[in-house]
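A.B. asks: For reference, the structure I am asking about is given below.
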Amino acid sequence: MRPKIYLFGDSITEESFDIGGWGASLANHFARTVDVVLRGYSGYNTRWALKVLDRIFPEKPDDDDSESEPIAVTVFFGANDACLQDRCSGFQHVPLHEYKHNLHSIVSFFKKRWPDTHVLLITPPPIDEDARLRFPYVENKQGLPERTNEAAGHYARACTDIAGECGVPVIDLWTKMQHCPEWKKEYLSDGLHLSQSGNQLVFQEVIRKLRDEGLSVEALPVDLPLISDIDPNDPMKVFQ
């Protein structure tokens, strides 16, 4: 069977199969070699993600060899954990120490269930606070952004710390995006979610990290003969 890459995260992952999204670009990039499987849950934080891991990725019976373990999983949480506790989206907030514990537990879950699977962490993106006021998700009576870039930075650094502790690769999206002077307009659509340019940045970074782990299109076999391998004079030969 064709191997799989799971994309596990919040709305930035759920929306990644939109037109121009980073998940859709991955699926196109790995066509004929890998099935890219979406497991994105809008609004979720690591506390909720940890609660539903077994439901999303159920353990197979020992005698079930119908499907092999995925070759990679991206884990992209933190944007909702970093909501400020005293603001309008405070119900999504997860304290920083718990976020680190939860993220560590999520990585450990995958490593225990699928020892050979590559786990790739992605930090939350930076936040354009002015844009968050223009695009509120819930009623905002305070008139204050429910997230700040400073808080997102703390969670991004925590994510990179956990990657180091767990020995897995990480994309520091918070830092990477801010290398661009116009990052707010270039990479974000509403101060949090990704524009098409932001999606392409994530796509390119994921491809680069997977390649570093030996997972490239060139290194993966196609699941059936390519048209270039079929002899026009004897088309059925290649299928024998």
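A.B. asks: Quick check on my filter: what residues within the stretch 192-229 are more than 15 Å from the chain's Cα centre (by Cα), acidic (Asp, Glu) and at pLDDT 95 or above?
C.D. replies: Hits for the stretch 192-229 are Asp212, Glu213.
A.B. asks: Within the stretch 177-196, which residues are within 20 Å of Glu15 (Cα to Cα), of a type in the set (Asp, Glu) and without any contact (Cβ under 8 Å) to a residue 24 or more places away in the chain?
C.D. replies: Of everything in the stretch 177-196, just one residue is within 20 Å of Glu15 (Cα to Cα), of a type in the set (Asp, Glu) and without any contact (Cβ under 8 Å) to a residue 24 or more places away in the chain, namely Glu186.
A.B. asks: Quick check on this structure: which one of Glu186, Glu146 is exposed (fewer than 15 other Cβ atoms within 10 Å of the Cβ), within 29 Å of Tyr99 (Cα to Cα) and more than 17 Å from the chain's Cα centre (by Cα)?
C.D. replies: Unique residue meeting the criteria: Glu186.
A.B. asks: Do you know which residues across the stretch 197-231 are assigned to a helix (DSSP H, G or I), surrounded by 14 or more Cβ atoms within 10 Å (Cβ to Cβ) and touching a residue at least 12 places away in the same chain (Cβ under 8 Å)?
C.D. replies: Listed by number, the residues that qualify are Gly198, Asn199, Gln200, Leu201, Val202, Phe203, Glu205, Val206, Ile207, Lys209, Leu210.
A.B. asks: Being in a loop (DSSP other than H, G, I, E, B), among the small types (Gly, Ala, Ser) and on the phi < 0 side of the Ramachandran plot is the filter here; which residues of the stretch 75-92 pass it?
C.D. replies: Ala79, Ala82, Ser89
A.B. asks: Across the stretch 1-53, which residue is nearest to Ser105 (Cα to Cα) among those that are at pLDDT below 95 and of a type in the set (D, E, K, R)?
C.D. replies: That would be Arg2.
The values are calculated or read from the model by the stated rules, or taken from the named source; none is laboratory data. Owing to the predicted nature of the structure, the values given are computational and were not obtained by experimental measurement. Don't worry about glycine lacking a Cβ; one is built from the backbone with ideal geometry, like all the others, and counts go over all protein chains shown.
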